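Please read the structure below before turning to the comments.
Laboratory data are not the source of any read-out in this text; all were calculated from the coordinates shown. Being a predicted model, the structure only gives us computed values, none of them experimental. Note that each Cβ is placed from the backbone with ideal geometry, even for glycine, and that neighbours are counted across all protein chains shown.
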Amino acid sequence: MLNILMVIFPNAKINIGLNIIERRADGYHNLETVFYPIKINDVLEIIESDELSFESTGLDIPGRVEDNLCVKAWHMLKKDHDVPPVKIHLHKNIPIGAGLGGGSADAAFFIRLMNETFNLKLSVDDMQNYARRLGADCAFFIESKPVFAFEVGDEFEAIKLDLSAYKIVLVMPEVHVSTSEAYRGVKPADVKTSLIELIDMPVANWRKYIKNDFEESVFKNHVEIRGVKAALYEAGALFASMSGSGASVFGIFNELPDLSHLEGENQVFYDI
């Protein structure tokens with residue numbers, strides 16, 4: 001039975017802290033981080049069609065259509081469910097190569113949209129298990145609620161983190177940092193105090209205790225990203241950090257800052 005919902009709005013996330021703990025035998029890394037949803041959104045639409053197709057507007061999406069995670073998600077669902085071909089239209093607004101999880105969000109929200117539109121009766125666990133097959137952080141976006149993430153970033157523990165009393169601003173320099181580049185420069189290490197404990201501290205204390213392990217090497221190679229973080233602290237941020245493997249940097253403020261001096265060379269997203 002076809003339900004009426006055919007449009008959904010995938011949201012981005014930021015990483016509050018990111019500790020790379022150890023390299024695994026499978027080549028991935030065990031880590032811990034906090035995923036927090038933010039209000040930067042793509043627009044994803046599906047329409048039942050005679051054949052599967054994908055088109056996009058907005059930001060240019062690199063790579064082949066058949067490698068797009070939404071397309072891969074359709075083929076994955078098709079193996080287990082009687083789903084029809086769909087025309088997929090994605091309006092891309094979440095910056096790419098930014099550490100914001102935009103591609104993963106699109107794939108997870110596509111699974112949600114297919115489930116709701118075609119009444120697949122998938123549970124949250126079912127959808128998360130599908131999403132895990134597409135990317136390490138993909139499963140987070142099935143519920144898109146604040147979580148402490150561990151293992152490769154695909155296992156979660158719910159946390160009570162509400163930053164709605166603050167203003168979050170994100171700055172995206174005209175720089176691309178590949179995930180492989182970021183991992184090449186990081187040295188895995190055990191943590192003394194887990195993020196799941198540190199995140200309960202007042203936001204004003206995070207600067208002293210919470211870090212992103214990717215920053216050290218990424219800042220060496222991309223001084224403009226380091227400069228953005230410094231500028232956010234100069235503007236009064238309680239806490240500022242690169243998100244994921246970069247290149248975006250967010251700041252948490254008591255009140256919205258004036259970052260007009262950063263807008264010429266960067267994308268600036270206010271109150272997200």
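Take the alpha-carbon centre of the range 187-215, take the same for the range 47-83, and report the distance between them in whole Å.
Measuring centre to centre over Cα atoms gives 37 Å.
Among all helices in the chain defined by DSSP H, which have a length of 15 Å or more along the axis from Cα atoms plus a Kyte-Doolittle mean of at least -1.0?
69-80, 102-117, 223-234
Run a plain Debye calculation on the chain (Cα atoms as equal point scatterers, no solvent) and give log10 I(q)/I(0) at q = 0.15 Å⁻¹, rounded to two decimals, same order as the q list.
-1.12
Using the Cα atoms of the range 100-174 to build a convex hull, what is its mean projected area in square nanometres?
So the Cα hull casts an average projection of 6.5 nm².
For the range 105-179, what does the relative contact order come out to in percent, with C-alpha contacts under 8 Å and a separation of six or more?
Reported as a whole number, the value is 21 percent.
Tell me, what is the percent relative contact order of the chain, built from C-alpha pairs under 8 Å that lie six or more residues apart?
With pairs under 8 Å counted, the relative contact order is 24 percent.
Please give every one of the lysines within straight-line cross-link reach of Lys192, meaning a C-alpha to C-alpha distance under 27 Å, and leave out same-chain neighbours fewer than 8 residues apart.
Leaving aside lysines fewer than 8 places away in the same chain, those within reach of Lys192 are Lys13, Lys145, Lys160, Lys208, Lys211, Lys220, Lys229.
Add +1 for every Lys or Arg and -1 for every Asp or Glu among the other residues with Cβ under 13 Å from the Cβ of Ala189, and state the total.
With Lys, Arg at +1 and Asp, Glu at -1, the net is -1.
Would you kindly give the portion of the calculated P(r) for the range 38-102 that falls above 19 Å, as a percent of all Cα pairs?
35
Quick check on the range 34-146: what are the equivalent-ellipsoid semi-axes from the Cα gyration tensor, as sqrt(5λ), descending, whole Å?
Equivalent ellipsoid of the range 34-146: 20, 18, 12 Å, largest first.
Hand me the trypsin sites (Lys or Arg not before Pro) from the range 81-160 located in a DSSP loop with no more than 14 other Cβ atoms within 10 Å, in residue order please.
Lys121, Arg133, Lys160
Positive end of the dipole of the chain, charges at C-beta (+1 Lys, Arg; -1 Asp, Glu), about the Cα centre: which of Gly103, Phe9, Ala247 has its Cα farthest in that direction?
The residue sitting most towards the positive pole is Ala247.
Work the Kirkwood hydrodynamic radius out for the range 1-82: mean of 1/r over every pair of different alpha-carbon atoms, inverted, in Å.
Final number for the Kirkwood radius of the range 1-82 is 16.3 Å.
222 nm [θ] for the chain, helices only, -39500 (n - 2.57) per DSSP H run of 4+, per residue, to 500?
-8000 deg cm²/dmol
Send over the per residue convex hull volume for the range 90-220, Cα only, as a whole number of Å³.
With only Cα atoms used, the range 90-220 gives 152 Å³ per residue.
Find, among the GluC sites (Glu not before Pro) in the range 15-83, those assigned to loop by DSSP (not H, G, I, E, B) with at most 15 other beta-carbon atoms within 10 angstrom.
Loop-located and lightly packed - Glu51.
At each listed q (0.16, 0.17, 0.23, 0.28 Å⁻¹), what is the log10 of I(q)/I(0) that the Debye formula gives for the range 202-256 modelled as equal alpha-carbon point scatterers?
-0.43, -0.49, -0.87, -1.18
Would you compute, for the Cα atoms of the range 143-263, the largest minus smallest coordinate along each principal axis and list the three values in descending order, in whole Å?
Rounded to whole Å, the extents work out to 39, 36, 28 Å.
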